[in-house]
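The values are calculated or read from the model by the stated rules, or taken from the named source; none is laboratory data. Here the structure is a predicted model, which means the values were calculated and not measured. Note: ideal-geometry Cβ built from the backbone for every residue, glycine included; neighbour counts use all protein chains shown.
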Amino acid sequence: MKENLIQASSGTPWADWQQSAHLARATWITPQQLLPPGRRLVLLAPHPDDEILMAGGLLAGMRGREQDLLLISATDGEGSHPDSPTWTEHRLRRQRPLESRHALQQLDLDLNNLDWRRLHLKDGGLPRDEAFLVNHLNQLLKPDDLLMTTWRGDGHCDHEALGRAAAQAALARKVQLVEVPVWAWHWAQPDDARLPWPRAHRLQLDETLVARKRQAIAAHHSQLEPDQQRPPVLPANLLDCLLQPFELIFL
């Protein structure tokens, strides 16, 4: 199970990914090509930080276009520190949405004009909520929307459940789906055939967008600080991969 690999290793370093022929062949695309003015982005995040890890650079470029963004947070992220006396589920359920809010502010988005919906589903339980998620998306999606979520093969049960639900809803509503790998950077190898490389594109980010994404990631203190003897939830190697001048997407 890939989720076991997430917990058990320090991950694949960016230096290894730089040798990937698959990644080198991934087509470059600009944010303007993916999301031209007037097109709405519906971004579905499993946990409070995934919207930044997935698409912080793309979101940073949407300053002044908040009306073109619908952000859906599926869970409150209370399951990130199992059995921790410091980060209890109760504390995380309050803290992580606050971190998410601060992160979005670091992207210079106007939260007063942002349609941000929190579903408060159970962290770690999204596979049981797939039918609800499909129905919810079917009611929200409009024909020209771009639906973005985590890749259905990403190695975390919640990430994969959202990917499956989004794929089903996108097919039913005939909207374009974009899936984004997050934990795959950690457990996969540069030549890994399990990744859908024929669908891979690199969404180009300039230095300003990467800097804002870095600041937004830094807002997630609960995920970045060691918890007594436990390492941070987000490993350094993973963050290196996610802070390159592009975001890898599967179209």
Taking LEU111, is it at pLDDT 95 or above and closer than 24 Å to GLU207 by Cβ?
no
For helices (runs of 4 or more DSSP H) lying entirely in the stretch 167-251, having 3 or more residues that are over 27 Å from SER84 (Cα atoms) and in contact with a helix residue (DSSP H, G or I) (Cβ under 8 Å, 6 or more places away or on another chain) picks out 207-218
Does ALA21 meet the test of being in contact (Cβ under 8 Å) with a residue 24 or more places away in the chain and crowded, with 20+ Cβ neighbours inside 10 Å?
no
With criteria (1) part of a strand (DSSP E or B); (2) under 16 Å from the mean Cα position of the chain (by Cα); (3) not hydroxyl-bearing (Ser, Thr, Tyr), ALA103 comes up short on (1)
Can you find a residue in the stretch 155-166 that is under 23 Å from PRO127 (Cβ atoms) and more than 14 Å from the chain's Cα centre (by Cα)?
yes
Could you check the stretch 1-21 and list, in sequence order, the residues that are within 20 Å of the chain's Cα centre (by Cα) and either assigned to a loop (DSSP other than H, G, I, E, B) or modelled with pLDDT of 95 or more (or both)?
SER10, GLY11, THR12, PRO13, TRP14, TRP17
Is it the case that some residue within the stretch 63-78 is among the β-branched types (Val, Ile, Thr), part of a strand (DSSP E or B) and farther than 21 Å from PHE250 by Cβ?
yes
Residue under question is GLU89, and the condition is that it be acidic (Asp, Glu), over 24 Å from VAL175 (Cα atoms), more than 17 Å from the chain's Cα centre (by Cα) and modelled with pLDDT of 95 or more; does it hold?
yes
All-but-one check, VAL42 against (1) of a type in the set (Val, Ile, Thr); (2) surrounded by fewer than 19 Cβ atoms within 10 Å (Cβ to Cβ); (3) under 18 Å from ALA161 (Cβ atoms), failing number (2)
Return the total of residues in the stretch 125-156 being under 30 Å from SER9 (Cβ atoms) and surrounded by fewer than 18 Cβ atoms within 10 Å (Cβ to Cβ).
4
